[in-house]
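Notes follow once the structure below has been shown.
The values are calculated or read from the model by the stated rules, or taken from the named source; none is laboratory data. Model, not experiment: these values are computed from the prediction. Reconstructed Cβ throughout: ideal geometry from the backbone, glycine too, with neighbour counts over all protein chains shown. Just the protein is used for accessible areas: all its heavy atoms, side chains included, with ligands, DNA and RNA removed. Shrake-Rupley method; radii C 1.70, N 1.55, O 1.52, S 1.80 Å.
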Amino acid sequence: MAIDRKRIIQALSELEVSGNEDGLIPAYNVFVNQLPAGFWNSFAQRLVRSIDIDLLEAGEALLVNAAHECGYHTGYGIITSEEWKAVVQPMVEKVPEDILHGAYAVFTAWGWAKSEVTSIVPGEKMVVRAYDYYEADPAVYGNLTRPCAYMIRGVSAAFMDLAYGGDYDPTGKTGMRTFQCEQTKGIECGDDYGEFVVTRA
Amino acid sequence: MATRSKARLALDRAFDAKACRHYLNNNMHVLHCHHYATLYCQLADDCSILDAKKLLADCAEDAVYDVLSGYFAANGIDGVVDRIAIAEQYFSAAGMGRMVVVCAGPDGGDVEFVHSHVDEGWIKKWGQRDEAVNFIGLGFVAAVFAAAFGRPVRSYAVTEVQSIVAGAERSVFQVVAN
């Protein structure tokens, strides 16, 4: 693998993102926002803690889905961007596996999670570890009984969609949701790292 | 009527290379896209088992209030006019659009979004719709008034009376003290 994570993280973490004269951040084929991480965590936590246990998985699935769509469209925007072409593309030798490794370096640089791919079975399975991620922050004291990194789950499934789910579909009708992701470990649950296993849906 | 402030928002960006987290003025911020923001709004809108629209607005109010009140305290921003100017600039720096506080007093006021991340993102994703969707914006505006007038969160009720997502030129919010 020729992906130099350290170099990617250093280069892309220094990009300054700020609104244009309209207060919008058009980039990577999407409008980008930068809000306090606590906002996203608060809504997810208050939502899942407010709904009946019978509906918990359904509620969690909606949070994962938001990230899945975000990861699919923004992920495609990232891997076709000028920044990617300049920094990551020259390191890519094996497609799409090196693209996945590079994508998690970008994922890390953007502050979503300090994460890396630990194994890939091409077309079938990917395991990701996250050593620090904002979604673990709700556990200020003690450990949560359920993992809650819904964003990492959704984006990880989306990255596999982009890698092995066929051509990118801007409508999201095909190509998306060909993979699903389960969180098997979580810092918020007392584990040393978060672990995410992506398999065919 | 107070004149417009010349106060400028200072953006101190930092990347914690060990944890790989981004900070804006000592508050951890994270980049997301309009798909994520609009799907959270859609989730809140569709939720029938609890008032998730208020929940989303409350979470936005709490988060933005912390950022603004922390900034005002750290930088000695005491005047309402300066506070509102800083809040308008923070709204844009966050990529949420362009917010204009038309008038404001301790009992309420009027706010317009000349551009709106959520509304324009929603239109880009799904097209126009009749009902307002910017629940994040509701919370943002409530936080601006609470922080500007030195009051706690939930001090203001905000209603979106005109929406870009519904085809209006700009979104309009009415604010009233609780």
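If contacts are Cα pairs under 8 angstrom and at least 6 residues apart, what is the relative contact order of chain A in percent?
Value for chain A: 23 percent.
From the phi angles alone, apply the Karplus equation (6.51, -1.76, 1.60; θ = phi - 60°) to the range B:85-99 and give each ³J(HN,Hα) in whole Hz, x where the residue is Gly or Pro.
After applying 6.51 cos²θ - 1.76 cosθ + 1.60, I find 4, 5, 5, 4, 6, 5, 3, 6, 4, 7, x, 8, x, 10, 9 Hz.
List the residues of the range A:83-109 that lose 10 Å² or more of accessible area once all protein chains are present, compared with their chain alone (1.4 Å probe, heavy atoms only, no ligands or nucleic acids).
A:THR108, A:ALA109
Just to confirm the number: angle between the C-alpha axis of helix A:56-79 and the first principal axis of chain A, 0 to 90 degrees, nearest 10?
Around 10 degrees separate the two axes.
Quick one: if the Förster radius is 25 Å, what FRET efficiency do B:ASP78 and A:ASN20 give, using the C-beta to C-beta distance and rounding to 0.05?
Efficiency for this residue pair is about 0.25.
Among A:LEU63, B:ALA74, B:SER116, which residue has its Cα positioned farthest towards the positive end of the charge dipole of the protein assembly as shown, with +1 placed on the Cβ of Lys and Arg, -1 on the Cβ of Asp and Glu, and the dipole taken about the Cα centre?
B:ALA74
Considering protein heavy atoms only and a 1.4 Å probe radius, which residues within the range B:14-33 exhibit an accessible-area decrease of no less than 20 Å² in the full assembly relative to the chain by itself?
Buried by the other chains: B:PHE15, B:LYS18, B:ALA19, B:CYS20, B:ARG21, B:HIS22, B:MET28, B:HIS29, B:VAL30, B:LEU31, B:HIS32, B:CYS33.
Could you work out the relative contact order of the range B:67-178, using alpha carbon pairs under 8 angstrom and six or more residues apart, expressed as a whole percent?
With pairs under 8 Å counted, the relative contact order is 26 percent.
Which one, B:ALA104, B:SER5, A:PRO170, projects farthest toward the positive side of the charge dipole computed for the protein assembly as shown from Cβ point charges (K/R +1, D/E -1)?
B:SER5
What 222 nm value per residue comes from the helices of chain B, counting each DSSP H run with n ≥ 4 as -39,500 (n - 2.57) and dividing by all residues, nearest 500 deg cm²/dmol?
It lands at -14000 deg cm²/dmol.
I'd like the projected area of the range B:55-128, averaged over all directions, using the convex hull of its alpha carbons. Report it in nm² with one decimal.
Here the figure is 5.8 nm², rounded to one decimal.
Just the accessible area for B:VAL176, please: 1.4 Å probe, Å², rounded to the nearest 10?
Surface open to solvent at B:VAL176 totals about 80 Å².
What shape does chain B take by its C-alpha gyration tensor, where a ≥ b ≥ c are the square roots of the eigenvalues and a/c under 1.5 counts as rounded, a/b above b/c as prolate, and the rest as oblate?
Taking the square roots of the gyration eigenvalues as a ≥ b ≥ c, chain B is oblate.
Just grab the label-to-label distance for B:GLN162 and A:ASN143, each label 7 Å out from Cα along the Cβ direction, in nm (one decimal).
5.5 nm
Carbon-plus-sulfur fraction of the accessible area of the protein assembly as shown, 1.4 Å probe, in percent?
48 percent
Using 0.36 nm per residue, how much length does the chain from A:ALA58 to A:ALA201 gain when fully extended, once their Cα-Cα distance is taken away?
49.9 nm
Give the distance, in whole Å, between the Cα centre of the range A:8-41 and the Cα centre of the range B:141-156.
Distance between centres, Cα-based: 26 Å.
So, with +1 on the Cβ of K and R and -1 on the Cβ of D and E, and no other charges, what is the size of the charge dipole of chain B about its Cα centre, to the nearest 20 debye?
520 debye
In square angstrom, what is the accessible area per residue of chain B with a 1.4 angstrom probe?
41 Å²
Using +1 at the Cβ of each Lys and Arg and -1 at the Cβ of each Asp and Glu in the range B:128-178, identify which of B:PHE149, B:THR159, B:LEU138 lies farthest towards the dipole's positive end.
Working it through, the farthest residue towards the positive pole turns out to be B:PHE149.
In the range A:12-97, which GluC sites (Glu not before Pro) fall in coil by DSSP and have 15 or fewer other Cβ atoms within 10 Å?
Passing both the DSSP loop test and the Cβ count: A:GLU14, A:GLU16, A:GLU21, A:GLU93.
So what's the projected area for the protein assembly as shown, the Cα convex hull averaged over all directions, in nm²?
Computed as one quarter of the Cα hull surface, the answer is 18.2 nm².
Please turn the phi angles of the range B:51-66 into ³J(HN,Hα) values with the Karplus equation 6.51 cos²θ - 1.76 cosθ + 1.60 (θ = phi - 60°), one per residue in order, whole Hz, x for glycine and proline.
My calculation for the range B:51-66 gives 7, 6, 5, 5, 4, 5, 5, 4, 5, 5, 4, 4, 5, 5, 4, 4 Hz in order.
Each residue of the range A:178-191 in order: what ³J(HN,Hα) in whole Hz does its phi give by Karplus 6.51 cos²θ - 1.76 cosθ + 1.60, θ = phi - 60°, with x for Gly and Pro?
Rounded to whole hertz, the list is 7, 10, 9, 10, 10, 8, 9, 9, x, 4, 5, 9, x, 6.
What accessible area per residue comes out for chain A, rounded to a whole number of Å², with a 1.4 Å probe?
About 43 Å² of surface per residue is accessible.
Pull up all non-local amide H partners of B:ASP51: gap of 5 or more, or a different chain, and H-to-H distance under 5 Å with H placed in the peptide plane.
It is none; the list stays empty.
Which whole number gives the average count of other chain Cβ atoms within 10 Å of the Cβ atoms across peptide A:14-20?
Across A:14-20, the average partner-chain Cβ count within 10 Å equals 5.
How many angstrom separate the Cα center of the range B:85-119 from the Cα center of the range B:1-59?
Here the answer is 13 Å between Cα centres.
With everything on Cα atoms, drop me the angle between helix A:150-164 and the longest principal axis of chain A, reported from 0 to 90° to the nearest 10.
40 degrees
Keeping every protein chain in place, order B:ASP51, A:ASP167 by accessible area at 1.4 Å, biggest value first, i.e. largest first.
A:ASP167, B:ASP51
If the cut-off is a Cα-Cα distance under 22 Å, which lysines reach B:LYS18, setting aside same-chain residues fewer than 8 apart in sequence?
Within the straight-line cut-off, B:LYS18 pairs with A:LYS6, A:LYS114, A:LYS185.
Please list log₁₀ I(q)/I(0) at q = 0.08, 0.13, 0.17, 0.19 Å⁻¹ for chain A, using the Debye equation with identical point scatterers on the alpha-carbon positions.
Once normalised to I(0) and log-transformed, intensities are -0.26, -0.70, -1.22, -1.50.
Over both sides of the A-B contact, add up the buried accessible area with a 1.4 Å probe and give it to the nearest 100 Å².
4600 Å²
Take the alpha-carbon centre of the range A:80-127, take the same for the range A:132-201, and report the distance between them in whole Å.
Measuring centre to centre over Cα atoms gives 15 Å.
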